[in-house]
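Take a look at the structure below.
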Amino acid sequence: MNELIPNRKGEKKFTLRGLSLRQRLPLLICTLLLVIIISFSFASYYTVRKAAVQMGRERLSSMTSQLSSILAQSTATAVTTVKTTANYDTIRESMVTNKKEVLDAGLRLLKRLRTDSTTVMVELMDTNFVSILKYSEAPEDLQLKLDAKFRGDLSAHRSGIDKVGKICQVNDSMYFPVIAEVTHRRHFEGYLVVW
């Protein structure tokens, strides 16, 4: 059977000398099978992991391009809608007159731009960024914060460009302006801004 052989320190050590060939062969086969199973398990784990990471990268790339396309269409639609409203005669006349009926009609047009709860503020400004008409159901502090963040960005805006402005964070929400210029009799008069 197994024999314990004392080593130099006097401790007994287990050896396979006492095992017969019949006992050694199955032990060797089991040991080799265990090594092979462990090796293949690690190899298959890393192969599956590599495939999963590759598939994740492909999905992320696909989703990124789809999201980019959706956002591009959405911003183009938003800019077109705001620009169309900025071209209405009522909005143009609101820039140059103080008549109550014209300003009321302009305010009704601004209210129509608030199509859902994601639009928090609509504002008509002159070239010096002074508010002429403003419509918002947002709290006053949010309006003031958006105005403060926006003045610097709008001052960099030049006439001839209708665009989506920079995204800014206020509290725990993100906001961005859609800006369209307002012209009256081919003269640049101000901006229509939708947050």
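What is the distance, in nm, between label points placed 7 Å from the Cα along the Cα-to-Cβ direction at T97 and at I70?
Output for this residue pair reads 4.4 nm.
Would you work out the charge dipole size for the chain about its Cα centre, treating the Cβ of every Lys and Arg as +1 and the Cβ of every Asp and Glu as -1, and quote it to the nearest 20 debye?
For the chain, the charge dipole is close to 1700 debye.
Per-residue counts of other Cβ atoms within 10 Å, averaged by peptide: what ranking do you get for 182-193, 131-142, 164-175, highest first?
Per-residue mean Cβ counts within 10 Å order the peptides as 182-193, 131-142, 164-175.
Taking 0.36 nm per intervening residue step and subtracting the Cα-Cα distance, what contour gain separates R185 from D172 on full extension?
0.5 nm
With a point put 7 Å past each Cα toward its Cβ, work out how far S39 is from R24 in nm, to one decimal.
Placing both labels 7 Å beyond Cα along the Cβ direction yields 2.2 nm.
In what order, largest first, do K100, K83 sit by accessible area if the probe radius is 1.4 Å?
The ranking, largest first, comes out as K100, K83.
Ignoring ligands, DNA and RNA, please state the percent of accessible area on the chain from carbon and sulfur, probe 1.4 Å.
58
Please calculate how many Å² of accessible area the chain carries per residue, with a 1.4 Å probe and no DNA, RNA or ligand atoms counted.
In whole numbers, the chain has 70 Å² accessible per residue.
At a probe radius of 1.4 Å, what is the per-residue accessible area of L28, in Å² to the nearest 10?
Answer for L28: close to 100 Å² accessible.
Show me the helices of the chain, taken as full DSSP H stretches, that run 27 Å or more along their long axis by Cα and average 0.0 or above in Kyte-Doolittle hydropathy.
21-86
For the stretch 75-118, what class follows from the C-alpha gyration tensor (a ≥ b ≥ c being the square roots of its eigenvalues): rounded when a/c is under 1.5, otherwise prolate if a/b is larger than b/c, else oblate?
oblate
The values are calculated or read from the model by the stated rules, or taken from the named source; none is laboratory data. Only a predicted model underlies this, so the values are computations on that prediction, with no experimental measurement involved. Quick reminder, even Gly has a Cβ in these numbers, built from the backbone with ideal geometry, and neighbours come from all protein chains shown. The accessibility values were calculated without ligands, DNA or RNA, using every heavy atom of the protein model including side chains. Shrake-Rupley method; radii C 1.70, N 1.55, O 1.52, S 1.80 Å.
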